[in-house]
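Every number in this text was worked out from the coordinates using simple rules, so none of it is lab data. Not measured: the values here are computed from a predicted model. FYI the Cβ positions are ideal-geometry reconstructions off the backbone, even for glycines, and counts take in every protein chain you see.
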Amino acid sequence: MTKILYVEDNEDNVYMLTRRLARKGFEVIVANDGEQGVAMAAAEMPALILMDLSLPVLDGWEATRQLKAAPETRDIPVIALTAHAMAGDAEKAFAAGCDDYDTKPVDLARLLEKNLRAVARRSGGMTEEGPALLVVDDNEDNRYTLTRRLKREGYTNLTTANDGREALEALAQKPFDLVLLDIMMPVMNGYEVLEHINGDEALRDIPVIMISALDDIDSVVKCIELGAQDYLPKPFNPVLLRARIGACLEKKRLHDREVEYLREIEAARKRSDELLGVILPLPAVKELKETDDVKPRRYENVGVLFADIVSFTSYCDENHPETVVSHLQAFVEAFEEVAFKHGLEKIKTIGDAFMATAGLLEPVDDEVLACVRCGLDMVAASQELPAHWHVRVGIHHGPVVAGIIGRRKYSFDLWGDTVNTAARVCSHAGRDAVVLSETAWRQVTEHCRGESLGGIPVKGKGEIEMFRCDAVDD
């Protein structure tokens, strides 16, 4: 029985997936965090590891790195699983050493296919041990005669089953390249086994040659209709048997190669899409893929938020560049998460400035209120970061023009007075303050507490009354 290590901290996920895998004939052992998973992998030496990425103690990426660095566990295939697929997760999983990647909730048929493929790569399949053949016949003399003949032909990676049920159990435990299947058997006959194989996504590509004493045309037709690759009557002709087995195995080898190529192409496409999703907003990516262009257009009623770090220049002068970049990376990642939480779309960073919008490409209930809540959370989040920076936030609301510029290197950007005004409001905000233009404040005055900062001269705009928001009344 194939042993799978499932590394997962969510009890519901563990309960559901282990039950479903057990029904398919797998033995499943469970670790509840990354550190425990690394230890159990070394102790139990499973055939496969299903690795959640968001784990306590040691996350899935680091656990995989440790597994792949250890000589005793480096060859165990690891399939990464995640419920919150973010742009770049697949890239990080493959970079950590994962052999494959899938998302939750789990599509069992798809996961089983990946399980069998990963185990096959490790166990050999059509490699050192040669192609794996399963001989199914309830007659011991027939099994002996056939396996002996196969060994003479150079096939040594052989498994036998006494009836249809044993055959299905064997198919659930390891991957096979060919099944030689008798028809008339107790418990479960060959027709039923063939029907089950053809109905299972994880098994339907395994070629099956029917070998039976029944030689009437109706039996041949029924087997072919149920998915058999070929049919040979008993007693079989050794020359014909050799030719049919060779043809089926060659077809299986070519099919496996095609599947692997398609998987690599799909993985490359997904990585390309994820990389594009890091550079551009997802709706813009969709339009770019569909039309090969994202035409600039005017958007009404957009909330624009700017946030930057107070005294960032002096901080750079006083710290090593590596420290600055490391802290800036933590700052941007934290603000990306806060923006995502409130439904804002990050547009870009310029040095220490972070720009985001609400209601541009995805609708939100209240653009300005979403920006205010996001800004207040950004102020709080910045205090929890290693650098303990103080930030200021400026918000304005109005029409913008947005689109992609560039051809060799894409850049999605905004233009217009609304953008410029939001940047000016940010520059006049105090430390740890969220400041709104009068236009923006009028839209949230019933929901927010704060005070007027009076009319403030703004370059190119004259005086603009600005308001500091201290809290949102939920």
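Computed values, structure above
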| item | result |
| --- | --- |
| Distant-in-sequence amide H partners of Leu48 (H built 1.01 Å from N, under 5 Å) | Leu5 |
| Listed values (i) 31.0, 100; (ii) 22.0, 75; (iii) 22.7, 66, entry calculated as Rg and Dmax of the Cα atoms in Å | (i) |
| Helical mean residue ellipticity (222 nm; -39500 (n - 2.57) per DSSP H run of 4+; nearest 500) of the chain | -14500 deg cm²/dmol |
| Under Karplus coefficients 6.51, -1.76 and 1.60, residue-wise ³J(HN,Hα) of the range 360-369 in Hz, glycine/proline x | 7, 9, 10, x, 10, 5, 8, 4, 5, 4 |
| Computed label-point distance, nm, for sites Ala330 and Tyr144 using a 7 Å Cα→Cβ extension | 7.3 nm |
| Relative packing of peptides 295-301, 55-61, 14-20 - highest average C-beta neighbours within 10 Å first | 55-61, 14-20, 295-301 |
| Amide proton proximity set for Val391, modelled H, under 5 Å, gap of 5+ | Val310, Asp432 |
| Under 12 Å, Cβ to Cβ, from Thr349 - net charge with Lys/Arg +1 and Asp/Glu -1 | -2 |
| Gyration tensor (alpha-carbon) shape descriptor, the range 1-46, a/c threshold 1.5 | oblate |
| Shape call, the range 328-450: gyration tensor on alpha carbons, a/c limit 1.5 | oblate |
| Point-to-point label distance, Lys234-Ala22, nm (Cα→Cβ direction, 7 Å offset) | 3.7 nm |
| R0 of 60 Å, Cβ-Cβ distance Val57-Ile217: FRET efficiency to nearest 0.05 | 0.40 |
| ³J(HN,Hα), Karplus 6.51/-1.76/1.60, whole Hz, each residue of the range 172-189, x for Gly, Pro | 6, 8, 8, x, 10, 9, 6, 10, 9, 10, 6, 9, 7, 9, x, 6, 8, 7 |
| Angle in degrees between helix 282-291 and the longest Cα principal axis of the chain, rounded to the nearest 10 | 70 degrees |
| Cα gyration tensor shape for the range 361-405, rounded if a/c is under 1.5, else prolate or oblate | prolate |
| Mean-position separation - Cα centroids, the range 154-222 and the range 66-80, in angstrom | 34 Å |
| Inter-label distance, nm, simple model (7 Å from Cα along the C-beta direction), Leu262/Trp415 | 4.5 nm |
| Under 5 Å, built H, 5+ apart or other chain: amide partners of Val458 | Glu463, Ile464 |
| Taking the chain and dividing mean pair separation by its residue count, relative contact order in percent (alpha carbons under 8 Å, at least six apart) | 9 percent |
| Folded to 0 to 90 degrees: helix 190-199 orientation relative to the chain principal axis, Cα | 10 degrees |
| HN-Hα J in Hz across the range 292-300 - Karplus 6.51, -1.76, 1.60, θ = phi - 60°, x for Gly and Pro | 6, 6, 10, 6, x, 8, 8, 10, 8 |
| Nearest-ten-degree value, helix 34-44 long axis tilted from longest Cα axis of the chain | 10 degrees |
| Greater than 26 Å apart at Cα, pairs in Lys24/Lys151; Lys24/Lys68; Lys68/Lys346; Lys68/Lys341; Lys289/Lys348 | Lys24/Lys151; Lys24/Lys68; Lys68/Lys346; Lys68/Lys341 |
| Cross-link reach list, aspartates and glutamates versus Lys234, counting only Cα pairs under 13 Å and skipping chain neighbours closer than eight places | Asp137, Asp141, Asp182, Asp215, Asp216 |
